[in-house]
Each structure stands twice: as C-alpha cells, then as structure tokens.
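To start, the structure itself, in structure tokens.
The values are calculated or read from the model by the stated rules, or taken from the named source; none is laboratory data. Fair warning: this is a prediction, and the values are worked out from it, not measured in the lab. Neighbour counts are summed over all protein chains in view; Cβ atoms, including those assigned to glycine, are modelled from backbone coordinates with ideal geometry. SASA here: full protein model, heavy atoms, side chains in, ligands and nucleic acids out. Shrake-Rupley method; radii C 1.70, N 1.55, O 1.52, S 1.80 Å.
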Amino acid sequence: MITKSADKTSRVRPATVTVTEQQLLALLDEQAEALPESLTDQLAQRRAAAFVQAMADTDTRRTSTSATWYSRPLLPVGVTACLILASVIWLIQAGKGAPAGTHPLGHDTVALAQVEAQVEAQQQLDDMMALAALDEDEWDILQQLEFAYWLSELPNANPPVLDKAG
Amino acid sequence: MTARLNDFLISVERRAFRMVRLAAANDEDALDVVQEAMTRLISHYRDREEAEWRPLFFRILQHCLADSLRQQRKQRRWMFWSGSQTDVPDTGSADGMDGYLGDYRDEPDQALASSRQQQALINAIETLPFQQQQCFLLRCWEGLSVRETADALNISEGSVKTHLSRARQKLNEMG
C-alpha cells in the first residue's frame with residue numbers, strides 16, 4: 001500500500017512558490033482529499049471497471065493474435081506451394097493409370113496415340129500374312145531382292161547382275 | 001502486481017479527478033477520462049517498474065483529457081451547424097466542488113470571505129488556457145519534472161517553462 005506521506009514525498013514542487021500559489025495548491029490538496037463520498041464511490045467503481053476492461057482487452061489481444069495467423073504474409077506463399085505440389089502429384093498419378101476419360105492431357109491426344117498404335121500393329125500383321133501366303137518361287141525372288149538391296153547398301157559395291165532366268 | 005497497481009491508482013485517483021475536473025465540462029466526463037487513463041495504464045504498462053507508473057499515468061491522463069476535449073469541441077461544432085440544442089449534462093456545479101470549499105458555520109463573515117477567496121483562486125485557474133493550466137497543475141501541484149511535464153503534454157521543455165511562467169503570472173495577478 002502506498003501511503004499518503006510516501007506519495008507526497010515523491011512530488012517535487014518548484015522551490016519558489018508565492019503565497020497565492022501556496023494557497024491555491026493547498027486548496028487543491030484539500031479538495032482532492034475531501035471529495036464527496038458519491039464521487040469517491042464512483043472513482044472506486046471506475047477503477048474496478050478499468051481492471052475488468054483492461055483484462056478483457058488483454059484477452060482479446062491474445063485471442064486475436066492467435067486467430068489472425070492466417071493473415072500473415074507467408075500464408076499465400078504456403079498455399080500456392082501446396083497447390084502446385086498437389087497439382088504435380090495429381091498429374092503424375094493420372095498419367096500412370098487413369099482411365100482415358102480422365103487423362104489430364106485430353107481426349108484427342110490419347111485417341112490419336114491409340115489409333116497410331118493400332119495401325120502399326122495392323123501393318124505388322126498384314127506383312128506377316130503376306131509372307132505366309134508366298135509360294136517357293138516368290139519366296140526365292142523376295143530373298144534375292146533383299147540380298148540385292150543389302151549389297152547396294154554396302155559402300156563401293158556394284159549391284160549384282162541378276163540372272164535373267166532368276 | 002495487480003494489488004500494487006490498485007494501491008497506486010487509489011493514491012492518485014482523487015488528484016487525477018480534481019485535475020481533470022478543472023478542464024472537463026462535468027463530473028461524468030472527468031470520471032470517464034480518469035477511467036480511460038486507468039484502463040490504458042493497466043492494459044499496457046502494468047509490467048513496467050513501479051516508479052514509472054506515476055509519470056506514465058499522468059501522461060496518459062493528459063492524452064485522454066485532450067481527446068475528450070477535442071471530441072467535445074467537435075460535438076459542439078456539429079451541434080452549432082446542425083442547429084440542435086442538446087444540453088451537456090452537468091451533474092454538479094461549475095467545477096463540481098460545491099459543498100466542500102471549507103466549513104465555517106461558526107463564523108459566517110469569515111466563512112464568506114474565505115469562500116470568496118477560495119472561489120476566486122479556483123476561478124483563476126479554471127480560466128487559464130488549457131496548456132498553462134495543465135502545466136501549472138502537473139509541475140507545481142503534482143511535482144512532475146519539466147521533462148515529465150513536457151512528455152505528458154507532448155510539448156517541448158521550453159514550452160513548459162513558458163506556459164508555466166505565464167500561468168503563474170496570471171494566477172498571481174488574479175489571486
């Protein structure tokens with residue numbers, strides 16, 4: 001408890017004070033000490049209210065500090081990074097085994113690739129069927145043609161003169 | 001900490017109220033200003049050293065008082081332009097100090113003379129310009145240093161000396 005006398009000693013008034021000023025200061029002291037009871041009661045109530053309000057303000061500040069973490073400047077960067085990472089993972093997963101309908105590259109590209117693969121397979125099948133259908137003479141001619149083509153591909157090689165009969 | 005702060009506020013609240021009441025329009029406004037200053041001190045400076053509380057409190061008090069007077073001026077200006085006549089509620093006399101200027105029931109003549117003299121002194125300080133009045137109260141009544149008074153009123157130390165000199169001159173002339 002701060003006593004009245006200790007409180008008064010902490011005040012350092014100017015040394016040269018006139019009589020009028022002394023009277024005025026004494027009057028102010030007297031009035032401050034002799035406040036009506038209604039006013040002193042109200043001051044006590046206001047002091048109690050100030051404590052309550054100050055504590056409430058402190059709690060509000062604490063709550064708002066923890067609640068506004070999302071408003072910090074790093075958040076947009078973090079959110080963007082997460083979105084990019086999620087997109088990359090989704091693209092990789094989708095490319096591995098997703099159904100054609102959900103392929104991220106689009107329906108046209110997938111359909112074209114599938115058609116090309118089917119055409120190539122069909123051509124290989126046709127070639128094999130054609131070879132299987134050859135008789136012995138046609139097979140010999142084909143072999144000779146392949147041999148001649150092979151020779152022509154050799155450096156400085158003269159093309160062989162085919163037997164007119166063959 | 002809270003108990004010590006409460007004791008400190010008990011020790012200054014009456015003087016703070018009296019100081020503010022000299023400038024405020026009525027008791028209610030003065031109480032509002034004192035409560036606001038208390039709230040801010042508790043809220044922001046309760047962890048400071050105990051020796052710092054007093055100059056801090058009076059500094060906050062002056063800021064709150066200046067804010068309150070500014071708001072009243074705005075309100076009065078707005079009422080003037082809008083033409084509305086709203087009386088400012090006054091719960092007491094001109095300075096709210098009727099009834100405790102001294103008790104001289106036994107000697108009516110002496111009581112009257114003393115009461116008049118005291119009222120003249122109060123009138124003298126009430127009619128001072130705001131900064132001169134508050135400089136005198138903070139420096140001479142509360143005993144704050146020139147530096148602390150300057151901080152409280154947000155003016156330079158030179159201005160404090162000037163305001164104080166003029167205030168004392170007027171008080172001595174009127175008193």
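Run the numbers for B:M79 and B:K161: contour at 0.36 nm per residue of separation, minus the present Cα-Cα distance, in nm.
Here the segment from B:M79 to B:K161 would lengthen by 25.9 nm.
Sorted by accessible area with a 1.4 angstrom probe, largest first, how do B:F58, B:F130 fall?
Of B:F58, B:F130, the descending order of accessible area is B:F130, B:F58.
Work out from phi, with θ = phi - 60° and the Karplus expression 6.51 cos²θ - 1.76 cosθ + 1.60, the ³J(HN,Hα) of each residue of the range A:121-128, listed in order in whole Hz, and give x for Gly and Pro.
5, 5, 5, 4, 5, 4, 4, 4
Please report the accessible area of B:H44 (heavy atoms, 1.4 Å probe, ligands and nucleic acids excluded) in Å², nearest 10.
110 Å²
Given 4 °C and 1.567 mPa s, compute D for the range B:109-175 with the Stokes-Einstein relation, Rh being the Kirkwood radius over Cα pairs; round to the nearest whole µm²/s.
104 µm²/s
If you take each beta carbon of peptide B:139-147 and count the beta carbons of other chains within 10 angstrom, what is the mean?
Shielding by partners across B:139-147 averages 4.
For A:T16, put the label point 7 Å out on the Cα→Cβ axis and report which residues of the range B:129-151 keep their amide N under 16 Å from it.
B:140
Show B:R15, B:R59, B:R166 ordered by accessible area, largest first, where the area counts protein heavy atoms only and the probe is 1.4 Å.
B:R166, B:R59, B:R15
Going from most exposed to least, what order do A:T109, A:T18 have by accessible area with a 1.4 Å probe?
My answer, sorted largest first, is A:T109, A:T18.
Taking R0 as 45 Å, what's the FRET efficiency between A:V119 and A:V77 from their Cβ-Cβ distance, rounded to 0.05?
0.40
Tell me the accessible surface of A:I84 in square angstrom (1.4 angstrom probe, heavy atoms of protein chains only), to the nearest ten.
100 Å²
Quick one: buried accessible area between B and A, total over both chains, 1.4 angstrom probe, nearest 100 Å²?
For chain B against chain A, roughly 4300 Å² becomes buried.
Per residue, what volume in Å³ does the Cα convex hull of the range A:16-67 take up?
Once divided by residue count, the hull of the range A:16-67 is 98 Å³.
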